[in-house]
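Here the structure is laid out as structure tokens; the discussion comes afterwards.
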Amino acid sequence: MASTQITVHLWTERNPRAKVPLHVDFANLRSEPEATQAFTKRWGPIQTPAGDGEEALFLIRDMLRSDWRGERGTKESRRHLGPIIHAFSASIGVTAERIEIELGQVWQTAFLLCIRDRLRGKTAICENPECPAPYFLRKRKTQKFCEAGPCKNYGARQRRKKWRDAHGNEWRSARKQR
Ligand SMILES: [Zn+2]
């Protein structure tokens with residue numbers, strides 16, 4: 001069966017104030033009124049199938065988080081799209097180079113981006129328990145901490161501690177002998 005491969009560009013950069021990609025921003029959304037206000041300022045009003053209030057927004061965010069963690073299954077991403085593209089509406093633009101799709105709802109775009117990055121093995125959760133925005137896209141398969149300074153430092157301390165626990169005794173007794 002022949003198929004035509006096309007590349008789709010989801011248009012999400014509506015607001016230059018957004019410092020991180022939409023799906024990262026959404027996954028890290030805190031359950032505070034100020035946070036949701038800032039979020040909708042960056043990305044526009046959010047209408048979800050559960051409504052447009054804060055509760056509904058957090059419900060969708062929690063679904064996104066479980067998808068981020070891979071709890072919704074990794075091989076069945078096609079089936080995931082069912083509820084996500086329910087009542088699908090989009091504006092579509094075509095140029096010689098590419099096809100651009102802007103979904104009617106911001107949260108739908110966030111899900112598509114999340115699923116794509118999870119299938120690429122890039123969705124990760126920062127292991128610093130104090131991390132204020134733990135959902136991040138890792139650059140290396142083994143990356144356990146996000147790019148924030150305090151988290152990198154925390155990671156370095158953990159690695160040093162691990163090394164000391166494993167080799168500390170040998171090192172100390174080697175020093176005593178000298
Ligand atoms: Zn972090």
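Bear in mind that the values in this text are calculations on the coordinates, not laboratory data. Keep in mind the model is a prediction, meaning the values are calculated, not measured. Every residue, glycine among them, receives a Cβ derived from its backbone with ideal geometry; neighbour counts consider all protein chains shown.
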Ranked highest first by the average count of other Cβ atoms within 10 Å around their residues, in what order do 135-142, 99-106 fall? 99-106, 135-142
Full-extension gain in nm, Ile92 to Glu130, via 0.36 nm per residue minus C-alpha separation: 9.5 nm
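By per-residue mean of other Cβ atoms within 10 Å, what is the highest-first order of 153-160, 63-70, 90-97?
Values: 153-160: 13.2, 63-70: 17.8, 90-97: 9.2.
Per-residue mean Cβ counts within 10 Å order the peptides as 63-70, 153-160, 90-97.
Pulled fully out, how much extra length does the chain show between Val20 and Ala56, if you take 0.36 nm times their separation in residues and subtract their Cα-Cα distance? Could you put the intermediate results ahead of the total?
Numbers: separation 36, 0.36 × 36 = 12.96 nm, distance 2.24 nm.
Between Val20 and Ala56, full extension yields an extra 10.7 nm.
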Using label points projected 7 Å from each Cα along Cα→Cβ, tell me how many nm separate Glu34 and Asn153, to one decimal. 2.2
At what distance in nm do the modelled label points of Lys162 and Arg175 sit from each other, each positioned 7 Å from its Cα along Cα→Cβ? 2.2
